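The values are calculated or read from the model by the stated rules, or taken from the named source; none is laboratory data. The model shown is predicted, which means the values in this text are computed figures rather than measured ones. Cβ placement follows ideal geometry from the backbone for every residue including glycine, while neighbour counts extend to all protein chains displayed. Surface areas here come from the heavy atoms of the whole protein model, side chains and all, with no ligands, DNA or RNA. Shrake-Rupley method; radii C 1.70, N 1.55, O 1.52, S 1.80 Å.
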Amino acid sequence: MKRLLGEIKYSFYLTVHPFKGFWEIKHENQGSLKTAFILLAFFILTSVANGYYGGYIFNSGGGVNFNAYKQVAMILLIWFIWGVANWCLTSLFDGEGTFSDICKFTSYALLPMSLVQMLMIPLSLALSMKEAAFYTMVMNIGLVWTGALIFIGLVVTHQYTVLKSILITAITIFAMGIIIYIMLLYLNLLQQIAGFAITFIKEMSLRVSS
Amino acid sequence: MSDFRRVKRVMAALTVGLAAFAFSGVQVSAASAAENERSYTYNQAGTPVYTPDTYNYKGAVDLTDGTLSAASPQDLFVAQTGELFIADTDNNRILIFDKDFQFERAVLRITDENGQVSLLNKPEGIYVYPDGDLLISDTQNNRLVRCDREGNAKAIFGRPDLAGVSQDDAFLPIKAVCDSLGRIDVVARNIHYGIVQLDADGTFLSYIGAPKVQPDPFTLFWRQFSTKEQEKQMLQFISTEYSNLYIDEKDFMWGTIKTLDNDALLNAVASRDKSGGVTPIKKLNSMGKDILKRNGTFAPLGDLKVASSGTDTAPSRIIDVALRGDGAVYSLLDITRGHIFTYDSNGNLLYIFGGYGLRKSNFQIPTAFSYIGDDLAVLDAGLGKILLFTPTAYVKLLFQAVDLQYNGDFTEANALWSRIAAENTNFDYAFVGLGKAEMNGGQYAEAMESFKYADSVSNYSNAFTLLRTQKMKVYFPIVFGVILAGIASVILYSRVKRLVKRLRKRSAGGGIADGS
């Protein structure tokens, strides 16, 4: 328990000292998969809370219309596909990170975004549309910070050069696209089969009744 | 044997099940047929939602002089006297009905100033001057005729000297109106430059309300290499013909445009384009500038949701506009689905009704329509009849509220909007109206609730800002006062502490001094 608290405390240190931090969670046993999952859960929690309790002006699709299950599924899906795509590629391009390493650095990198989202809930209740620029600015800071952390995590975990990391990131996103495409294709196929069955039953019922 | 029986039993069960399924299907289709009749509107998300019934069928006027019924009538004009003028196109005549819908007379022959008699030939447009003269678009005779109701011509305008149009192209006027200065505005078939404006004696002045065409560099480049014939063909792609005209009391000209590109229209809906670049309706001032207000969630474009595949994919085609009174409310007639769209002067969609079908209240080929008071008269070329519709209590309430808002009487409108909102919770705009009225009354929190219900973020933000300012005014002095008091007390405390210390020191020192 004490160790876990220490690791969570360390994740805050990591957000401001990413190079040292990512190195130490991989090599010096300063982080664990458990902490990574806690951080991921924290991110999910803040984004769901933002959806439910964020001010209407910045969150017009939220409130009672907000679908928390969809949001959770989206985050988990993207997180998982990113992990899988990155792992597939880095194993090919002699990256040093294992799948669990990838899960770790991605989850740790989400911390700034979670904090910003948490800050945004009271802020969005106090700001009007005229002050929207301020809101988006703070939101963008969180986004850029998290993006930078993911990138640095990639560099440190896989021991890549910057150029190679950029390339790998681009290819990973492309691979994510392919995975989603295949998933949709599969879903579409299932839908067509179901549609065929329903049409068949309908047609039969019409024939029988007439 | 038992196997056979089991199969039979299963078959029987299956048949019963399928029959039940089929029966439920029949019920659904009957229900959807009934839904066809229902009025609806679009919410802020662009989803169709039902409204209470808006217009009830009142009856039909048979357009006949006693022997011959109207054939493919193309235009309807309701004069200030309440008389109805119908361009009975395929019978080559103008029919006049009095305000009780009784046949008055027909105009077939035109006698010009020299006593020469000529027949009308497929007239497609009719306009009536305030003094009672008729302005007939005598389409196949390539002329416009101004005459009295006996057919005595006061002026006959032949083909004007049209700029940019070849002499080989016939002048086919289909609609014409006249402004208070006596200028005649004409919509002619196959003229793509806009509305033809003639002066009082029929000489060509200019084209107005021309659609702005912005040629892309590629087209301009391609132009360099094309022949005259090709250029002419290219012109047809960019053409925008007006289909109908209406001139209101303030000389604003309302023109409808039917020939718009399908994709451009659908795109304008999808992107919530309110610039008026792609629009089936324009309100032109005397300079020919479009001044129609498009302040609704969507611009007046007709139907917003059309099927993405199948037979029902075409966007609305607006063929006529009708103004109620001074234009606080106007309606558009769509030929694609026979829908009638009603908007207020700000461009907010109020409701949609009407449609094709075989019921007596359905249309076949609607060609023109007009308000008679609050009632609507729709001319149908397929039926050769005028269908009359009368507003329900709900619409009368709506008209009242819109009129009050139009005249700037917001407090009166408040009560009405809240009643309308209670009658139709689907109608977002009523909640926007209610919210604005509440905001004017200083009930910011209630206004925020209304705007949130109507999903109007900008209005919500305005109400919220006002509420925040109000709350700040109340609580800021207290909060600031508490903070000031806190700081003051800290300072005071330290001062007092120092003072006490000094005093103590002095008294201690004094003691020593005394002692020494």
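As for region B:193-206, it holds at least one residue that is out of contact with any helix residue (DSSP H, G or I) (no Cβ under 6 Å at 6 or more places or on another chain) and closer than 22 Å to residue B:109 by Cα. Of the set (1) farther than 28 Å from residue B:360 by Cβ; (2) open to solvent by less than 40 Å² (accessible area, probe 1.4 Å), all apply to residue B:406 but (2). Within region B:275-300, the set of residues being touching a helix residue (DSSP H, G or I) at 6+ places or on another chain (Cβ under 9 Å) and more than 28 Å from residue B:206 (Cβ to Cβ) comprises B:296, B:297, B:298. Total residues in region B:305-326 satisfying the condition of being within 19 Å of residue B:54 (Cα to Cα) and either surrounded by 18 or more Cβ atoms within 10 Å (Cβ to Cβ) or of a type in the set (Lys, Arg) (or both): the figure is 4. Does region B:182-195 contain at least one residue that is more than 27 Å from the chain's Cα centre (by Cα) and without any contact (Cβ under 8 Å) to a residue 12 or more places away in the chain? The answer is no, given that none of the residues of region B:182-195 is more than 27 Å from the chain's Cα centre (by Cα) and without any contact (Cβ under 8 Å) to a residue 12 or more places away in the chain. The condition of being at pLDDT 90 or above, open to solvent by less than 40 Å² (accessible area, probe 1.4 Å) and among the hydroxyl-bearing types (Ser, Thr, Tyr) holds for only one of B:256, B:240, that being B:256.
Please go through region B:453-476 and pick out each residue that is within 9 Å of another protein chain (Cβ to nearest Cβ), within 25 Å of residue B:422 (Cβ to Cβ) and at pLDDT 90 or above. Steps first, please.
Initial filter on region B:453-476 (within 9 Å of another protein chain (Cβ to nearest Cβ)): B:455, B:457-458, B:460-462, B:464-465, B:468.
Next, from what is left, pick out any that are within 25 Å of residue B:422 (Cβ to Cβ): B:455, B:457-458, B:460, B:462, B:464.
B:460, B:462, B:464 - these are the residues of region B:453-476 that are within 9 Å of another protein chain (Cβ to nearest Cβ), within 25 Å of residue B:422 (Cβ to Cβ) and at pLDDT 90 or above.
Taking first residues from region B:269-289 that are closer than 21 Å to residue B:244 by Cβ and partners that are open to solvent by less than 70 Å² (accessible area, probe 1.4 Å) and among the basic types (Lys, Arg), the Cβ contacts under 9 Å between residues at least 6 apart in sequence or on separate chains come to B:276/B:282; B:276/B:294; B:279/B:294; B:280/B:317; B:286/B:183.
I need the full set of residues from region B:327-341 which are farther than 19 Å from residue B:261 by Cβ and either open to solvent by less than 20 Å² (accessible area, probe 1.4 Å) or in contact with a His (Cβ under 6 Å, 6 or more places away or on another chain) (or both), in order please. Show your work before the answer.
To start, the set of residues in region B:327-341 that are farther than 19 Å from residue B:261 by Cβ comprises B:327-331, B:333, B:338-341.
B:327, B:328, B:329, B:330, B:331, B:333, B:338, B:340, B:341 - these are the residues of region B:327-341 that are farther than 19 Å from residue B:261 by Cβ and either open to solvent by less than 20 Å² (accessible area, probe 1.4 Å) or in contact with a His (Cβ under 6 Å, 6 or more places away or on another chain) (or both).
Where residues in region A:64-98 are among the polar types (S, T, N, Q) and away from chain B (no Cβ under 14 Å), which of them is farthest from residue A:164 (Cα to Cα)? Taking the candidates together, the pick is A:67. Only a single criterion out of (1) more than 17 Å from the chain's Cα centre (by Cα); (2) surrounded by 14 or more Cβ atoms within 10 Å (Cβ to Cβ); (3) closer than 18 Å to residue A:80 by Cβ is not satisfied by residue A:103, namely (1).
Across region A:64-79, what is the number of residues that are open to solvent by 70 Å² or more (accessible area, probe 1.4 Å), among the aromatic types (Phe, Trp, Tyr) and within 8 Å of the chain's Cα centre (by Cα)? Outline the logic, then answer.
Taking region A:64-79 first, the residues open to solvent by 70 Å² or more (accessible area, probe 1.4 Å) are A:64-65, A:67, A:69-70, A:74, A:76-78.
Going one step further and asking which of them are among the aromatic types (Phe, Trp, Tyr), we end up with A:69.
Applying the additional criterion that residues be within 8 Å of the chain's Cα centre (by Cα) yields none.
Here the count works out to 0.
Taking region A:1-23 as the range and being assigned to a helix (DSSP H, G or I), more than 18 Å from residue A:37 (Cβ to Cβ) and free of Cβ contacts under 8 Å to residues at least 12 places away in the same chain as the test, the residues that pass are A:2, A:13, A:16, A:20.
If you check A:115, A:187, A:92, which single one turns out to be touching a Gly at 6+ places or on another chain (Cβ under 9 Å) and open to solvent by 60 Å² or more (accessible area, probe 1.4 Å)? Show your work before the answer.
On the way: A:187 fails: touching a Gly at 6+ places or on another chain (Cβ under 9 Å); A:92 fails: touching a Gly at 6+ places or on another chain (Cβ under 9 Å).
None of the other options fit; the residue is A:115.
Selection of strands (runs of 3 or more DSSP E) fully inside region B:115-159 by the criterion of at least 1 residues being within 22 Å of residue B:169 (Cβ to Cβ) and open to solvent by 20 Å² or more (accessible area, probe 1.4 Å) returns B:143-147, B:153-157. Only one of the numbered conditions (1) open to solvent by 30 Å² or more (accessible area, probe 1.4 Å); (2) under 22 Å from residue B:404 (Cα atoms); (3) modelled with pLDDT of 90 or more is violated by residue B:422, and that is (3).
Could you tell me which residue of region A:24-48 is farthest from the other protein chains (Cβ to nearest Cβ), considering only residues that are among the hydrophobic types (A, V, I, L, M, F, W, C) and surrounded by fewer than 15 Cβ atoms within 10 Å (Cβ to Cβ)?
Within region A:24-48, the subset among the hydrophobic types (A, V, I, L, M, F, W, C) is A:25, A:33, A:36-45, A:48.
Still in the list and also surrounded by fewer than 15 Cβ atoms within 10 Å (Cβ to Cβ): A:33, A:37, A:41, A:45.
Working: A:33: 42, A:37: 36, A:41: 31, A:45: 25 Å.
Step by step, filter region A:24-48, then rank; the result is A:33.
For region B:264-273, check the following and say yes or no: at least one residue is under 24 Å from residue B:129 (Cα atoms), buried (at least 19 other Cβ atoms within 10 Å of the Cβ) and either among the small types (Gly, Ala, Ser) or touching a Leu at 6+ places or on another chain (Cβ under 8 Å) (or both).
Pass one, region B:264-273, residues under 24 Å from residue B:129 (Cα atoms): none.
So far as region B:264-273 goes, no, none of its residues is under 24 Å from residue B:129 (Cα atoms), buried (at least 19 other Cβ atoms within 10 Å of the Cβ) and either among the small types (Gly, Ala, Ser) or touching a Leu at 6+ places or on another chain (Cβ under 8 Å) (or both).
Within region B:432-452, if we keep just the residues that are away from chain A (no Cβ under 13 Å) and not small (Gly, Ala, Ser), the residue that is farthest from residue B:298 (Cα to Cα) turns out to be B:443.
Report whether or not residue A:127 is more than 22 Å from the chain's Cα centre (by Cα), of a type outside the set (D, E, K, R), open to solvent by less than 70 Å² (accessible area, probe 1.4 Å) and within 14 Å of chain B (Cβ to nearest Cβ). I'd like the intermediate steps shown before the answer.
Numbers: more than 22 Å from the chain's Cα centre (by Cα): yes; of a type outside the set (D, E, K, R): yes; open to solvent by less than 70 Å² (accessible area, probe 1.4 Å): yes; within 14 Å of chain B (Cβ to nearest Cβ): yes.
In short, yes.
Output the residue which, of all residues in region A:49-63 that are in a helix (DSSP H, G or I) and more than 10 Å from chain B (Cβ to nearest Cβ), is farthest from the chain's Cα centre (by Cα).
Start the filter on region A:49-63 by keeping residues that are in a helix (DSSP H, G or I), which leaves A:49-53, A:56-58, A:63.
Still in the list and also more than 10 Å from chain B (Cβ to nearest Cβ): A:49-53.
On the way: A:49: 16, A:50: 15, A:51: 16, A:52: 19, A:53: 20 Å.
Among those that are in a helix (DSSP H, G or I) and more than 10 Å from chain B (Cβ to nearest Cβ), it is A:53.
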